[in-house]
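Let me begin by presenting the structure, written as structure tokens, before commenting on it.
The values are calculated or read from the model by the stated rules, or taken from the named source; none is laboratory data. Because the structure is predicted, anything quoted here is derived from the model rather than measured. Using ideal geometry, Cβ is built from the backbone for each residue, glycine included, and neighbour counts are taken over all protein chains shown. Side chains included, ligands, DNA and RNA excluded: accessible areas come from the protein's heavy atoms. Shrake-Rupley method; radii C 1.70, N 1.55, O 1.52, S 1.80 Å.
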Amino acid sequence: MSLEMLKTAKKIVGVKQVTKAVEKDLAQLVYIAQDAEQRLVEPLRTLCTRKKTAIEMTLTMTELGKTCGIEVGAAAVAILK
């Protein structure tokens, strides 16, 4: 999925909210910021692997937040099904 699609897709932002979406099988793709604290995102990454949810780790927290249209960095974003 391109970054342009990330701007307009139905999504949720934040590790806690993304984790809930993956647990409920609502996420089709999860973006995890490459510079996010590993202790925060590792459980999410493990969950995505277990649930076979696609993961992309290409952006920094600042880039991910900006792409989602928020003023702060984002450690994780999920594109919803």
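Given the peptides 46-52, 7-13, 26-32, 58-64, arrange them by the average over their residues of other C-beta atoms within 10 Å, most packed first. Let's see the in-between values first.
Values: 46-52: 12.6, 7-13: 14.9, 26-32: 22.1, 58-64: 17.1.
Listed from highest to lowest mean packing, they are 26-32, 58-64, 7-13, 46-52.
Could you tell me whether region 33-77 comes out rounded, prolate or oblate from its Cα gyration tensor? Rule is a ≥ b ≥ c as square roots of the eigenvalues, rounded for a/c under 1.5, then prolate if a/b exceeds b/c, otherwise oblate.
On the way: a/c = 2.53, a/b = 1.80, b/c = 1.40.
It comes out prolate by the Cα gyration axes.
Taking a probe of 1.4 Å, how large is the accessible area per residue of the chain, in Å²? Walk me through the numbers before you get to the answer.
Working: 4860 Å² over 81 residues.
On a per-residue basis, the chain sits at 60 Å².
What relative contact order, as a whole-number percentage, does the chain give when Cα pairs under 8 Å and 6 or more residues apart are counted? If you can, show how the numbers build up before the last one.
Working: 140 pairs, mean separation 36.7, N = 81.
Taking the mean separation of contacting Cα pairs over the length of the chain, I get 45 percent.
Using just the alpha carbons, could you tell me how many Å³ per residue the convex hull of the chain encloses? Present the calculation step by step, with values, prior to reporting the outcome.
Details: hull volume 6.0 nm³, N = 81.
Per residue, the Cα convex hull of the chain comes to 74 Å³.
To the nearest 0.05, what FRET efficiency results for T49 and A9 with a Förster distance of 22 Å applied to their C-beta separation?
0.50
Tell me the carbon and sulfur percent of the accessible area for the chain, rounded to whole percent, probe radius 1.4 Å. All intermediate terms of the calculation are to be shown ahead of the outcome.
Numbers: 2670 of 4860 Å².
The computed percentage sits at 55.
Hey, which aspartates and glutamates would be in cross-link range of K52, C-alpha to C-alpha under 12 Å, not counting anything within fewer than 8 residues on its own chain?
List returned: E23, D25.
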